[in-house]
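First the structure, in the form of structure tokens, and then the observations on it.
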Amino acid sequence: MTRTTDDHVVEDSARGRIVTDAPLSRPVPVALRYDADFTPATVRFVFPGGIEWSFPRALLETGLHGPARRGDIGVWPCGRVQTVVEFHGVDGVAVVQFDTTALMRFLGHTYAATASRTTR
């Protein structure tokens, strides 16, 4: 689901799976956010409890096709239909797996928002 408050703000929802060494992974809802006016080169992933990670949109795009890392964030494809995003924080590491199509759809929405911003 995509929600926009205007033509240059995007909020998509995605379901990630937290990957652990336990036999089963846990699903987690994630809000994927982008604001072309506020931070045009940055995407934000917001987890339950208000935990938010911001990182370059280019890192997400690159990581869909091959391993990419910048600072505390790593992104890489996992098979043909999944993408892994790894978040390193003071409390440890969170590894979250997403359907690649959800992330690609979100990126498409961010580029459309950027285009609408430049054509106003």
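The values are calculated or read from the model by the stated rules, or taken from the named source; none is laboratory data. Everything numeric in this text was worked out from a predicted model, so none of it was measured. Because the Cβ atoms are built from the backbone with ideal geometry, glycine has one as well, and the counts that use them run over all protein chains shown.
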Under the condition of being charged (D, E, K, R) and under 25 Å from Ala113 (Cα atoms), which residue from region 70-102 is surrounded by the fewest Cβ atoms within 10 Å (Cβ to Cβ)? Arg70
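Which of the residues belonging to region 48-67 are in contact (Cβ under 8 Å) with a residue 24 or more places away in the chain and either of a type in the set (Lys, Arg) or more than 22 Å from Gly108 (Cβ to Cβ) (or both)? Even if it seems obvious, please write down each step before you answer.
Let us first name the residues in region 48-67 that are in contact (Cβ under 8 Å) with a residue 24 or more places away in the chain, namely 53, 57, 60-61, 64.
Correct list: Arg57 only.
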Quickly run through region 7-46 and pick out the residues that are modelled with pLDDT of 95 or more and over 21 Å from Thr101 (Cβ atoms). Thr42
